[in-house]
Amino acid sequence: MRAAERPDAAQLLRQGLSNAEIARQLHMSPRTVRSVRTHLGLDRVTGRGAVTRTLEDAYRVRTIPLEGGHLGWSGSRGGNGAPFVRFGGRRTSAYRVAFRAHFGREPEGVVMPVCDVKGCVAGPCLDDESARRRTRAQLAALMGLDHHQPTCSQGHLYTETAEYRANGKRECGACRVQHRQDLKAAAA
């Protein structure tokens with residue numbers, strides 16, 4: 001759709017309103033508003049009127065500053081309550097976006113907040129699987145737990161399969177998986 005065909009939408013777009021807001025006001029499809037925006041060459045905006053050119057921008061405009069450098073979340077949440085960002089037609093975990101922006105690398109495994117502020121999405125307050133594993137190993141060392149054996153009783157290398165419990169104790173991840181499979185087979 002060309003902007004000339006919908007001058008009312010074009011005028012509101014130039015004022016900085018979001019696609020959803022214009023669609024509501026003019027009783028038109030958001031898809032129509034999007035096509036007018038594209039035809040005019042205007043940047044996409046969120047419901048707050050902020051320009052979102054990158055995934056990080058889309059994350060940033062949905063955060064709420066809290067005391068102590070923490071960030072709250074005003075955006076969408078999944079069924080499990082985890083915050084996510086919609087950008088470019090895709091959903092991405094807000095935790096992963098914040099982690100990548102803060103640490104400058106892709107997170108390994110699940111990213112979770114580690115501070116005591118409920119729902120915090122600030123980069124410094126997040127850990128990925130490798131950081132949690134490192135923390136548990138440090139806890140085990142501080143507690144004096146013996147982690148000098150290279151393999152478990154079944155011969156699996158701890159360097160490849162070790163999982164650390166919250167109390168710092170190490171266990172073999174391969175043996176743990178095998179044990180679960182044995183329990184399922186026995187139950188069937």
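The values are calculated or read from the model by the stated rules, or taken from the named source; none is laboratory data. Just so it is clear, the structure is predicted and the values come from calculations on it, not from any experiment. Ideal geometry is used to build each Cβ from the backbone, glycine not excepted, and the neighbour counts take in all protein chains shown. Calculation scope for accessible area: heavy atoms of the full protein, side chains included, ligands and nucleic acids excluded. Shrake-Rupley method; radii C 1.70, N 1.55, O 1.52, S 1.80 Å.
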Can you compute the FRET efficiency between Arg34 and Glu129 using 1/(1 + (r/R0)^6), with r the Cβ-Cβ distance and R0 = 41 Å? Round to the nearest 0.05. 0.65
Long-range amide H partners of Thr151, meaning residues 5 or more apart or on another chain whose placed amide H is closer than 5 Å, are Tyr158
Under a 5 Å amide H to amide H cut-off, with H placed in plane at 1.01 Å, what residues pair with Val114 once short-range neighbours are removed? Leu126, Asp127
Counting only heavy atoms of protein chains, what accessible area per residue, in Å², does the chain have with a probe of 1.4 Å? 63
Computed Kirkwood radius, in angstrom, where 1/r is averaged over Cα pairs of segment 56-160: 15.6
What FRET efficiency would be calculated for the residue pair His27, Glu108, taking the C-beta separation as r and a Förster radius of 30 Å, to the nearest 0.05? 0.05
In whole percent, the Cα-Cα distances of the chain spread across 10 Å bins from 0 upward as 8, 24, 22, 20, 12, 9, 5, 0
